[in-house]
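One structure is given below, encoded as structure tokens.
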Amino acid sequence: MRKISLFLSILTLLLCSLGVWKLNSVITNHDRIKVALSLSEKNLKNLEVEIEEFSKEHAARFSRERRKNQDMEEQILNFSTEKTKLEITFSSKNSVINDLKASKEEKEKKILEMKVEIRANARKLASLKKKALDVEQEIPQIEKQIQEHEMQCENEKSRSIQVEETLSNYAQITTVLKEHQVRTLDALYSEKYERPWIEEGEMIQLRKFSLDLDKGLLGLPVGQEIGLEPGAFFSIAHLGELICKIRIKKAEQNRSVALIMPLFGNPRKLLELESFDLKHL
């Protein structure tokens, strides 16, 4: 019985020791946990401070970024507005440039047309000047011919008066002479105006002619007095070289107009000549 009591005492003592050890272990763990909690609370406070500082810094940074974004948005808006203005200005300038190009091309075209017209007018003016010079050169000859005809008329009148005075008493002889004079004048007229003085194959040399290559016309200083008639064909040569062929278009006394036949010779050489040979074909 004593052994049981001793065993129980020892067991009780062991249980108490175990309880004390367990209690000490719990207290130790509690203290350790308390220290850990204290350290965690300290770390938490530090973390809260860091979070607060980070929040303040983040708020300031966010405010700066927002201001930057607002500035960038304003810049983008300004750039977009400026871009729109530049596009409108470019479109307007481009339209003006296109109009200027079209106007420039139109003016260049008009200038070219005016140059062509000026050249044509210059050629016409040169032709007219040449015709005027030819006419001016022909005037003294015409005046000389008129004076000669007037002198011939005066001589004929003087001769007629002398004949009438000499033969006033010879009416019959006078009548015969008058008839003879009429027949003689008729014969001279017929010989002068009806006989073709330039026969086929014959050739004469001419000067003081007029030329219009644009119209293909050649003015000759001779006409019906040498037998030139409309429709007659002639060749023009110089020093044996064929220059061209012509057909009489209009013939008057002492002048005529001829058409230059195409595809024969080189009519432009007439511009270099002062005289040529006219041959009846």
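Miscellaneous remarks
- Hey, S95 surrounded by 10 or more Cβ atoms within 10 Å (Cβ to Cβ), of a type in the set (G, A, S) and modelled with pLDDT of 80 or more or not: yes
- Any hit, region 68-86, residues being modelled with pLDDT under 80, of a type in the set (F, W, Y), under 60 Å from the mean Cα position of the chain (by Cα) and in a helix (DSSP H, G or I): yes
- Enumerated strands (runs of 3 or more DSSP E) restricted to region 177-253, each holding at least 2 residues that are out of contact with any Gly (no Cβ under 7 Å at 6 or more places or on another chain) and either among the basic types (K, R) or modelled with pLDDT under 90 (or both): 241-252
- Among (1) modelled with pLDDT under 80; (2) open to solvent by 80 Å² or more (accessible area, probe 1.4 Å), the one test that E108 misses: (1)
- Number of the condition not met by A258 [criteria: (1) among the aliphatic types (A, V, I, L, M); (2) open to solvent by less than 60 Å² (accessible area, probe 1.4 Å); (3) not in a strand (DSSP E or B)]: (3)
- Long-range neighbours under 9 Å by Cβ, at least six apart or interchain, first residue closer than 15 Å to S210 by Cβ within region 257-281, second part of a helix (DSSP H, G or I): I260/P267; I260/L270; F276/L270
- Close Cβ contacts (under 6 Å, 6 or more residues apart or on different chains) running from residues in region 105-131 that are in contact (Cβ under 8 Å) with a residue 12 or more places away in the chain to residues that are surrounded by 11 or more Cβ atoms within 10 Å (Cβ to Cβ) comprise S127/D212; K131/S210.
- From L242, L213, residue being at negative phi, in contact (Cβ under 8 Å) with a residue 40 or more places away in the chain and surrounded by fewer than 17 Cβ atoms within 10 Å (Cβ to Cβ): L213
- All conditions in (1) surrounded by fewer than 15 Cβ atoms within 10 Å (Cβ to Cβ); (2) more than 22 Å from Q141 (Cβ to Cβ) hold for E252, with the sole exception of (2).
- Residue check for E164: at pLDDT below 75, in a helix (DSSP H, G or I), among the charged types (D, E, K, R) and surrounded by 10 or more Cβ atoms within 10 Å (Cβ to Cβ): yes
The values are calculated or read from the model by the stated rules, or taken from the named source; none is laboratory data. Quick caveat, the model's predicted, so the values are computed rather than measured. FYI the Cβ positions are ideal-geometry reconstructions off the backbone, even for glycines, and counts take in every protein chain you see. The area values use the complete protein model at the heavy-atom level, side chains included, leaving out ligands, DNA and RNA. Shrake-Rupley method; radii C 1.70, N 1.55, O 1.52, S 1.80 Å.
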